[in-house]
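Taking it in order: structure first as structure tokens, then the write-up.
The values are calculated or read from the model by the stated rules, or taken from the named source; none is laboratory data. Since the model is a prediction, treat every value here as computed from it, not as a measurement. As a convention, Cβ positions derive from the backbone with ideal geometry for all residues, glycine included, and neighbour counts pool all protein chains shown.
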There are 2 protein chains.
Amino acid sequence: MVNMADVARLAGVSMATASRALSDHPHVAPATRARVLDAAAELAYVVSPEASRLAGGVTDRIAVVVPHLSRWFFGALLDGLESVLREADKDLLIYHVGDAADRKSFFERLPARRKVDAVVVLGMPIARPERERLEMMGVHIVAAGGQIEPYPFVSIDDMVAGRQAVNHLLFLGHRRIAMIATNDPGQPGWPIRAGRSRAYHAALADAGLPADPDLAVTVPWGGAAGAEAMAELLSLREPPTAVYAHSDEVALGAIRTIRRAGLRVPEDISVIGIDDHPLAELTDLTTVAQPVRDQGALAGQVVLGLLSGAATDPGITMATRLVVRGSTGPPRVA
Amino acid sequence: MVNMADVARLAGVSMATASRALSDHPHVAPATRARVLDAAAELAYVVSPEASRLAGGVTDRIAVVVPHLSRWFFGALLDGLESVLREADKDLLIYHVGDAADRKSFFERLPARRKVDAVVVLGMPIARPERERLEMMGVHIVAAGGQIEPYPFVSIDDMVAGRQAVNHLLFLGHRRIAMIATNDPGQPGWPIRAGRSRAYHAALADAGLPADPDLAVTVPWGGAAGAEAMAELLSLREPPTAVYAHSDEVALGAIRTIRRAGLRVPEDISVIGIDDHPLAELTDLTTVAQPVRDQGALAGQVVLGLLSGAATDPGITMATRLVVRGSTGPPRVA
DNA sequence: GGGGATACTGGAACCGTTTCCACGACTAAG
DNA sequence: CTTAGTCGTGGAAACGGTTCCAGTATCCCC
């Protein structure tokens, strides 16, 4: 494999000069730089990242910790993140912690240790002891699509999003509103999106409606689970006239159950989700949209800022907005 | 930062021995190994991957080239791949080539060069000159979720999948069958999933049906595009009674247009997709299922095999199967 | 008890850069 | 025409391991 010494020799300079020329340092005569660059091109030379980093210190690599690779939400986050980090010539290392076992081993072994300059955690809460492990890595930590207490984050305000959704249903005149909340099947016991639940209770209370525990069900994330949750709601003595789901996939599952039961959406039951999944538009689902890809991209910028030593916002909260489509409407007059 | 010399000193051995003990080499006395391991644990020592690789040669890193991060198909592929590669303690470097510009720059700059031991290309065709660039990296190349000529791959047979879909429609009695094919909006000019188109033409020909060019439309991938394509089909003098879409998302878009036009699925028009997207079940879409996550996982095993020097299958083709749901049925008797 | 093989261990070269320090050549100021 | 600075360049010391080679101690067997 051709190395920098070869390039230096061909260009007729010392390695020190070759190194400076190649990494764009000042104090290199333009003519010399050109000679080195030509030599490098001729030999099809690329610096060895290993060697370069051994000597230099930085890795130009960022770890991304993601709980679900095949969900749209995380894919979009990753997409945004990747786009700005690639622009800055950083490499992305993916660490997938799908279930409790993955999670345990990730935080115990810290496989990213010494391999990256920063860690971005995607939409995933983290416990105190885990945080401490993470800090052992001694690198910057950023959260995207969620918040982790003391670190900078880019996220939406789940409380606001939830209220937008529930308020819409209230505004339409619904009084019996159910909620399908989700927990993460792979990470039992993790309070996922607690703000979305609090928003529900708060909005109902503000509207002077009684809290009916039967109307709030919690299921694992996913369309199938949403369908089952809806079946449960339909089996109540007095089913809801509207359903607020924590995410669009869950909402779609609920809709399917409603239709199978011979009821119509929104005439018999209204359904609203959160996210604005690409398929929400196709399925005519009313939802609260959040800018997912942008959250990822912004998180990338935060990382870059941190790396360059600039002071950074402690947190960026992005706006969500209600997108009214065909799955919500006024309740039937009883 | 604590380094191996510190560990060696604390354990009272030479660096050579420390290195061997830490990397599980033979010819280290058990007692010595234990002392070294204890010392390492006490100092919370981790080897520097940079140094280790500089000296050792391998990087234990695999590059993944993926055209779309936020599509379910690629996410699932990635998921499977990651799961087996993580098991083997490999790190995954993500390279997203979303559009023509990304693509150009990726193959020109070869940013993964010298950084990885292998490259996995996910569901993406590659041109001859690009292949040559890739080979300059001098590492193993594997394709998953698609094929790239001379390299090992893990994929389905698009021709078979397509025929399963079209045959189902034929079996139901349809004679006027449309196809919505897709191309990649980010990669203009790329023949995507050509097998799925060939299957369509072949199946119709086998059934003795005339080829009507109006019935085969090609649009960019996505639900919205599927919706538009369907509109086009509905504007024909004699619209199809069944539609074969190259992917589920596209099929869902088509269904939406059909419904908006006041027609019913499957009574008026049947729709079939390919993939078995998680939402296909929720939306009651008939489709041809393919094991996406498994393709990724298998590709991971192929990479591992290649890395260990074992001879590998030139290609693995996985089975697809028709999943009949509610979006297909016999045509109305005219 | 002697000889050869075997199990451990240490010394030191090497992997390919980056960067500190020193040095000569010019330039601009006095 | 000195003198203090710049600018451009080279020498060489890290950076943190891996591994070849060689040396010593131990072991087995005849």
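Annotations for the structure displayed:
- Looking only at segment A:150-209, and only at residues there that are under 19 Å from the mean Cα position of the chain (by Cα) and aromatic (Phe, Trp, Tyr), the one that is farthest from residue A:328 (Cα to Cα): A:151
- For segment A:5-57, a residue qualifies if it is touching a residue at least 40 places away in the same chain (Cβ under 8 Å) and either of a type in the set (Ser, Thr, Tyr) or assigned by TED's automatic domain parsing to the domain that holds residue A:115 (or both), and the qualifying residues are A:45, A:48.
- The set of residues in segment B:80-94 that are surrounded by fewer than 20 Cβ atoms within 10 Å (Cβ to Cβ) and within 9 Å of chain A (Cβ to nearest Cβ) comprises B:83, B:89.
- Restricting segment B:57-76 to residues that are within 18 Å of residue B:304 (Cα to Cα) and not hydroxyl-bearing (Ser, Thr, Tyr), the residue that is farthest from the other protein chains (Cβ to nearest Cβ) is B:65.
- Just one of the numbered conditions (1) under 24 Å from residue B:268 (Cβ atoms); (2) at pLDDT below 95 is not true of residue B:173: (2).
- Criterion (among the β-branched types (Val, Ile, Thr), surrounded by 15 or more Cβ atoms within 10 Å (Cβ to Cβ) and not assigned by TED's automatic domain parsing to the domain that holds residue A:168) met by exactly one of A:302, A:333: A:302
- Hey, residue A:177 under 27 Å from residue A:305 (Cα atoms), surrounded by 17 or more Cβ atoms within 10 Å (Cβ to Cβ) and of a type outside the set (Asp, Glu) or not: no
- Output for segment A:3-35, where each listed residue is more than 8 Å from DNA strand C (Cβ to nearest atom), more than 42 Å from the chain's Cα centre (by Cα) and in a loop (DSSP other than H, G, I, E, B): A:12, A:13, A:27, A:28, A:29
- Residue A:129 vs. criteria out of contact with any Gly (no Cβ under 9 Å at 6 or more places or on another chain), more than 28 Å from residue B:110 (Cβ to Cβ) and more than 8 Å from every other protein chain (Cβ to nearest Cβ): yes
- Scope segment A:71-93; condition under 12 Å from the mean Cα position of the chain (by Cα) and of a type in the set (Gly, Ala, Ser); matching residues: A:75, A:76, A:80
- When residue B:166 is tested against (1) surrounded by fewer than 20 Cβ atoms within 10 Å (Cβ to Cβ); (2) over 20 Å from residue A:281 (Cβ atoms), exactly one condition is not met: (1).
- Failed condition for residue A:286, given (1) in the same structural domain as residue A:233 (by TED's automatic domain parsing); (2) in contact with an Asp or Glu (Cβ under 7 Å, 6 or more places away or on another chain): (2)
- Boolean, residue B:104 is over 15 Å from the mean Cα position of the chain (by Cα) and touching a residue at least 12 places away in the same chain (Cβ under 8 Å): no
- Only one entry of B:284, B:248 meets the criterion of being under 25 Å from the mean Cα position of the chain (by Cα), within 12 Å of chain A (Cβ to nearest Cβ) and farther than 17 Å from residue A:278 by Cα, and that entry is B:284.
- The one condition in (1) in contact with a Leu (Cβ under 8 Å, 6 or more places away or on another chain); (2) buried (at least 24 other Cβ atoms within 10 Å of the Cβ) that residue B:274 fails to fulfil: (1)
- Screening B:65, B:58 for residues that are more than 11 Å from DNA strand C (Cβ to nearest atom) and touching a strand residue (DSSP E or B) at 6+ places or on another chain (Cβ under 7 Å) leaves exactly one candidate, B:65.
- Filter result for the condition that a residue is small (Gly, Ala, Ser), within 14 Å of another protein chain (Cβ to nearest Cβ) and either out of contact with any strand residue (DSSP E or B) (no Cβ under 8 Å at 6 or more places or on another chain) or crowded, with 22+ Cβ neighbours inside 10 Å (or both), over A:101, A:29, A:34: A:101
- For segment A:2-21, filtered to residues that are surrounded by fewer than 19 Cβ atoms within 10 Å (Cβ to Cβ) and within 7 Å of DNA strand D (Cβ to nearest atom), the residue that is farthest from the other protein chains (Cβ to nearest Cβ) is A:12.
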